[in-house]
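The structure appears below as structure tokens.
The values are calculated or read from the model by the stated rules, or taken from the named source; none is laboratory data. The shown structure was predicted, so the numbers you read here are calculated from the model rather than taken from an experiment. Every residue, glycine as well, gets a Cβ built from its backbone with ideal geometry; the counts of neighbours run over all protein chains shown. Surface accessibility is based on the protein's heavy atoms, side chains included, excluding ligands, DNA and RNA. Shrake-Rupley method; radii C 1.70, N 1.55, O 1.52, S 1.80 Å.
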Amino acid sequence: MLILGRQGAGKGTQATRLAALCAVPHISTGDMLRAAVRDGTPLGQRAKQIMDAGDLVPDDVMIGIVDDRLHEPDAGRGWILDGFPRTVGQAQALADITARQPLDVVVELVVPNEVVIERISSRRTCDGCATVYSADDEAIADGVCPKCGGTPRQRDDDRPEAIRKRLEVYESDTAPLVDHYRGLGLLETVDGLGSTDEVFARVLAVVDARTSAGRPEGVGSAGPAVSSP
Ligand code: AMP
């Protein structure tokens, strides 16, 4: 499945939880690029400036990365893609890549612009494990990530100038994908406002309805009803 939505809509948070529940990989192209930047690979060196400016890394580069990743063994039973596709060209390439393992569902998380700007401004991302926190989260009051001991920091592209640019790019390049996937009958729109648990329950309901179609009654589901994180 794919998860679409503006920066700060909660895609990463929801995709991480859903992937754990369904035992499939959460594939975030943003996380992959940030890891490449951290490791100083040629890709990372090329991508850093583009990312810091809030622009998109060229389609041919991204398509190559995703094609490779989706052919790794752990992706054989399915995957949750977050941050890809970002353009109609990427969506067309994804359709070719996944011709033998087509999409079940595309979830669009909808959160108004004012809310995402507020969320992104206070977002802190661990430089070790990429866990996302809010700046006022007690768990990181000492400046240390409780999961891995890394340091939660503001991403360079979460600063105001880059945020504005990224939201503009979302509207011009990525928002058309909503109609694209609606036209293919794959789109499920989910309200992204509310607590993480509330949003997860909504996501799970639509994913379960889609993925259980055709499954014999009583056989499996995306998981139990949602309670705690
Ligand atoms: P994200 O964490 O998904 O917001 O991605 C952070 C940045 O990585 C984006 O602003 C882009 O510069 C770059 N990026 C991530 N995914 C893609 C993609 N599919 N196509 C082009 N650029 C991407």
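Taken one residue at a time, the phi angles of region 40-51 give Karplus couplings (6.51, -1.76, 1.60, θ = phi - 60°) of x, 6, x, 4, x, 5, 6, 7, 3, 4, 4, 5 Hz. Gly and Pro are set to x.
Charges were assigned to the Cβ only: +1 to each Lys and Arg, -1 to each Asp and Glu. The resulting dipole of the chain about its Cα centre is roughly 220 debye. By the Cβ distance rule of under 4.7 Å, the chain has these cysteines without a partner: Cys22.
Accessible surface of the chain, 1.4 Å probe: 52 percent of it comes from carbon and sulfur atoms. The distance between label points at Arg38 and Asp191 comes to 3.6 nm (points 7 Å beyond Cα on the Cα→Cβ vector).
Note on Asp104 and Ala75: the model spin-label points, each 7 Å out from Cα along the C-beta direction, lie 1.8 nm apart. Counted residue by residue at 0.36 nm each, then reduced by the alpha carbon distance between them, the extension gain from Glu168 to Ala135 reaches 9.4 nm. Applying 1/(1 + (r/R0)^6) with r as the Cβ-Cβ distance of Asp60 and Ser212 and R0 = 35 angstrom yields a FRET efficiency of 0.40.
Summing charges over neighbours of Val178, with a neighbour being any other residue whose Cβ is under 13 Å away from its Cβ, gives -2 when K and R count +1 and D and E count -1. Extension gain for Glu198 to Asp127 (0.36 nm times residue separation, less C-alpha to C-alpha distance): 22.8 nm. With Cα atoms as the point set, the radius of gyration and Dmax of region 6-60 evaluate to 13.0, 35 Å. Binning the alpha carbon pair distances of region 135-193 at 5 angstrom intervals from zero yields the distribution 4, 14, 13, 13, 15, 14, 13, 10, 4, 0, expressed in whole percent.
Between Glu118 and Ala20, full extension at 0.36 nm per residue minus the direct alpha carbon distance yields a gain of 32.5 nm. Shape analysis of region 80-198 places it in the prolate category; the axes a ≥ b ≥ c from the Cα gyration tensor give an a/c of at least 1.5, with a/b above b/c. Against the empirical curve 2.2 N^0.38 Å, the C-alpha radius of gyration of the chain lands at a ratio of 1.00.
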